[in-house]
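The values are calculated or read from the model by the stated rules, or taken from the named source; none is laboratory data. Treat the numbers as computed from the prediction; the structure is a model and nothing was measured. In this analysis, Cβ positions are derived from the backbone assuming ideal geometry, glycine residues included, and neighbour counts consider all displayed protein chains. Ligands, DNA and RNA are stripped out before the accessible areas are found, and what is left, the full protein with its side chains, is counted by its heavy atoms. Shrake-Rupley method; radii C 1.70, N 1.55, O 1.52, S 1.80 Å.
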Amino acid sequence: RVIENNPTISSLYEYRAELLKSMGKNEEAVKDYDKAIEYNPTDDVLYKRRVSLLERIGKTKEILNDLNKAIENNPTNSGLYVGRAHLLERIGKTKEALNDLNKAIEFNPTWYTYISRIDLLTSMGKNEEAIKDCDKAIEIDSSDPWAYLHKKYLLKRIRKTNDALNVFNKAIALNPSAFWAYRERATILKDIGKYEEAIKDYNKSIEIGPKTSGAAYAYNQITYCYLYINKTNEKKALGSINKALELAPNDADYIETLGDVYEYIKDYDKAIEQYNKAININKNQRMSYISLIVIYKKLGREKEAKEVENKLNKITKG
């Protein structure tokens, strides 16, 4: 009735559209957004909300039309270019998507617009360009881990491990209390065989964030570092993995690691127990199946090895 008396007020259609959307009447809500836009064609929020609704009901063509109209009316709005770029990427138009992200950065060179272009450049295999955008994103916000982590991924992808290490040297210099930076540097150090240094960084990350999921991960990785340094470090390795399990007692990966430690020290009964426990938690825990097969064959228990092998084949095919 209010709309009948005020048929040209955009905000009334917008309000009713939101109400209809909350009731699940999406098609009717879209029509009200059409009217709201008709009477206020320069309001980019209306387009964004209509686009969000159209995405919910899977109308890609209509979304693209909406974004085209919105950009015509708001040609310097970077958010609209980013939105259209994401849609264009999803329908396989990567060049057009990149053009839109270039425009978005031209009008508003923020952390978010660079991050959006990094994802697209990476998917297109343009690693060097994506790395430059990571640097730009870090320059804008040096405390956010995403750009550092993605730069590490890109550098490892093009086999520049030392450069990846420097990424986290910089991250730590700028953010000395960032537990994630120490953890990521430790992971690189572990991968290149610098286990003692890796343990120091993992321990630093635990010191900063002792109750985080990252701390459990760090304890898990320290376990392997001790074994790689010297397999006689089983007491330290067992102590470390048990600390991980104190923080995450039902994590199949950490239970599997405990099985690995027991396998290393040839306590096969306990290893078998842990691998079976990991599988009970996660039936797709492939390495636990493989480890069981190896142990059973070592012990001459061919029948049990075959049974586990059959189970593994089933989950692999499934």
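At 222 nm, what helix-only mean residue ellipticity would the chain give, in deg cm²/dmol to the nearest 500, using -39500 (n - 2.57) for each DSSP H run of four or more? Walk me through the numbers before you get to the answer.
On the way: 19 runs with 253 residues, N = 318.
Helices in the chain give a 222 nm mean residue ellipticity of -25500 deg cm²/dmol.
Per residue, the solvent-accessible area of the chain (1.4 Å probe, heavy atoms of protein chains only, all protein chains present) comes to 54 Å². Can you tell me which of 12, 154, 238 moves the most in a GNM of the chain? Springs connect C-alpha atoms under 10 Å apart. Fluctuation is largest for 12.
Rg over Rh for the range 1-149 works out to 1.07, using Cα positions for both radii and the Kirkwood form for Rh. Using C-alpha pairs under 8 Å with a sequence gap of at least 6, the mean separation divided by the residue count of the chain gives a relative contact order of 6 percent.
Could you tell me whether the range 6-72 comes out rounded, prolate or oblate from its Cα gyration tensor? Rule is a ≥ b ≥ c as square roots of the eigenvalues, rounded for a/c under 1.5, then prolate if a/b exceeds b/c, otherwise oblate.
Numbers: a/c = 2.20, a/b = 1.06, b/c = 2.07.
Oblate.
The Cα center of the range 140-163 and the Cα center of the range 189-213 differ in position by 18 Å.
Taking a 22 Å limit on the Cα-Cα distance, which of the listed pairs 25/61; 190/283; 103/160; 152/204; 61/95 fall beyond it? Walk me through the numbers before you get to the answer.
Numbers: 25/61 20 Å; 190/283 28 Å; 103/160 30 Å; 152/204 20 Å; 61/95 18 Å.
In this structure, 190/283; 103/160 lie more than 22 Å apart at Cα.
Taken about its Cα centre, the range 171-261 carries a charge dipole of roughly 280 debye when the Cβ of each Lys and Arg holds +1 and the Cβ of each Asp and Glu holds -1. Can you tell me how the range 60-143 classifies by the Cα gyration tensor, rounded, prolate or oblate, using a/c under 1.5 as the rounded cut? Oblate. How large is log10 I(q)/I(0) at q = 0.07 Å⁻¹ when the Debye formula is applied to the Cα atoms of the chain, each weighted equally and without solvent? Each listed q corresponds, in turn, to -0.48.
Leaving out ligands, DNA and RNA, what percent of the accessible area of the range 77-171 is carbon and sulfur, probe 1.4 Å? Walk me through the numbers before you get to the answer.
On the way: 2170 of 4650 Å².
Whole-percent figure for carbon plus sulfur exposure: 47.
Rg then Dmax, both in Å and based on the Cα atoms of the range 204-246: 10.1, 29.
Quick one: grab the alpha carbon gyration tensor of the range 114-221, order the square roots of its eigenvalues as a ≥ b ≥ c, and give me rounded if a/c is under 1.5, else prolate or oblate depending on whether a/b is larger than b/c. Cα axes put the range 114-221 in the prolate bin. For the range 258-318, taking the reciprocal of the average inverse distance between every pair of different Cα atoms yields a Kirkwood hydrodynamic radius of 11.4 Å. For the range 134-185, compute Rh as the Kirkwood radius over C-alpha pairs and then the Stokes-Einstein diffusion coefficient at 25 °C and 0.890 mPa s; write the answer in µm²/s, rounded to an integer. For these conditions, the coefficient is 229 µm²/s. To put it simply, the accessible area of the range 189-289 at a 1.4 Å probe is 45 percent carbon and sulfur.
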